[in-house]
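Colleague: I'd like to ask some things about the structure below.
The values are calculated or read from the model by the stated rules, or taken from the named source; none is laboratory data. A quick note: this is a predicted structure, and the numbers were derived from the prediction, not measured. Please note: Cβ atoms are built from the backbone with ideal geometry, for glycine as well, and neighbour counts cover all protein chains shown.
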Amino acid sequence: MAARSAIVIALVAAALLLESLIAPQPSPTLKLPGVGSLVSGSGWTPYYAYQPKEGYVYLQQWRLIDSKGDEAQLYVGITYRMTSALRWTGEAGYQAEGYVLDSKYPRRLIDKPASDPDVDSAVVRHYTDEEFLSYELVGPNGPSALSEESIPGIVLALATTRGSPYYVVRVSVPGNRPTGPGDALLAAVTKNLMTLS
């Protein structure tokens, strides 16, 4: 286990070094596709948009509802720096709001092709509120979980895809529902981002 962690740390350090050595390019304007394009084909309708935020990742969040009355929150961020995308975790924003991480694990989405990698999932709690989160990184070479196993592929993508956007995508639904309504939404958003990029 210690050798595996050392390899992961070395790969992240190599990515940071590689990104700093490559001649800097002017960063393109960070702009997300419209929410209609993101959720197209998912069966979800946005009813509230939060103010966009800019930091190391430009992000936007929306509250959505489906035809059954299920609600979800969609979070999409964009950056042109892979190292910025690697700093992001799906549960960090919830932890900043006082939520406690109850569990975290990779899993297969029921509405995604078998060739797609697992997504990261987590359950967070704040008093009686419980949220189930599913999230992933969508880069120039497709989706990947933000886990140790994904880092070699992400580092390779850095070396081969300069100037392409990296999207961080999270869907949260109330309760602990690992095969719940958020799967179709995350699968559709990932597919749409790959089509739009």
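Colleague: Being under 14 Å from the mean Cα position of the chain (by Cα) and outside any loop (DSSP other than H, G, I, E, B) is the filter; apply it to region 52-67 and report the residue that is farthest from Ala188 (Cα to Cα).
Modeller: Tyr58
Colleague: For residues in region 54-74 being hydroxyl-bearing (Ser, Thr, Tyr) and over 17 Å from Gly43 (Cα atoms), which is surrounded by the most Cβ atoms within 10 Å (Cβ to Cβ)?
Modeller: Across region 54-74, the extreme among qualifying residues is Tyr58.
For (1) out of contact with any helix residue (DSSP H, G or I) (no Cβ under 9 Å at 6 or more places or on another chain); (2) modelled with pLDDT of 60 or more; (3) under 14 Å from Tyr75 (Cα atoms), each residue gets a yes or a no:
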site: Leu11; (1), (2), (3): no, yes, no
site: Leu16; (1), (2), (3): no, no, no
site: Leu21; (1), (2), (3): yes, no, no
site: Thr29; (1), (2), (3): yes, yes, no
site: Val35; (1), (2), (3): yes, yes, yes
site: Ser40; (1), (2), (3): no, yes, no
site: Gln60; (1), (2), (3): no, yes, yes
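Colleague: Give the residue, chosen from Leu146, Leu156, that is at pLDDT below 75 and in a helix (DSSP H, G or I).
Modeller: Selected residue: Leu156, the only one of Leu146, Leu156 that is at pLDDT below 75 and in a helix (DSSP H, G or I).
Colleague: Can you find a residue in region 116-138 that is crowded, with 21+ Cβ neighbours inside 10 Å, of a type in the set (Ser, Thr, Tyr) and in a helix (DSSP H, G or I)?
Modeller: No, every residue in region 116-138 fails to be crowded, with 21+ Cβ neighbours inside 10 Å, of a type in the set (Ser, Thr, Tyr) and in a helix (DSSP H, G or I).
Colleague: Quick one: which residue in Tyr94, Tyr166 is more than 22 Å from Pro46 (Cβ to Cβ), of a type in the set (Phe, Trp, Tyr) and modelled with pLDDT of 80 or more?
Modeller: Tyr166
Colleague: Hey, among Tyr80, Tyr47, which residue is farther than 21 Å from Arg177 by Cα, at pLDDT 95 or above and touching a strand residue (DSSP E or B) at 6+ places or on another chain (Cβ under 9 Å)?
Modeller: Tyr47
Colleague: Cβ contacts < 7 Å: first residue closer than 21 Å to Ala85 by Cα and of a type in the set (Ser, Thr, Tyr), restricted to region 27-43; second residue modelled with pLDDT under 90 and buried (at least 16 other Cβ atoms within 10 Å of the Cβ), any location; separation 6+ or different chain. Result?
Modeller: Between residues of region 27-43 that are closer than 21 Å to Ala85 by Cα and of a type in the set (Ser, Thr, Tyr) and residues that are modelled with pLDDT under 90 and buried (at least 16 other Cβ atoms within 10 Å of the Cβ), the close pairs are Ser27/Tyr80.
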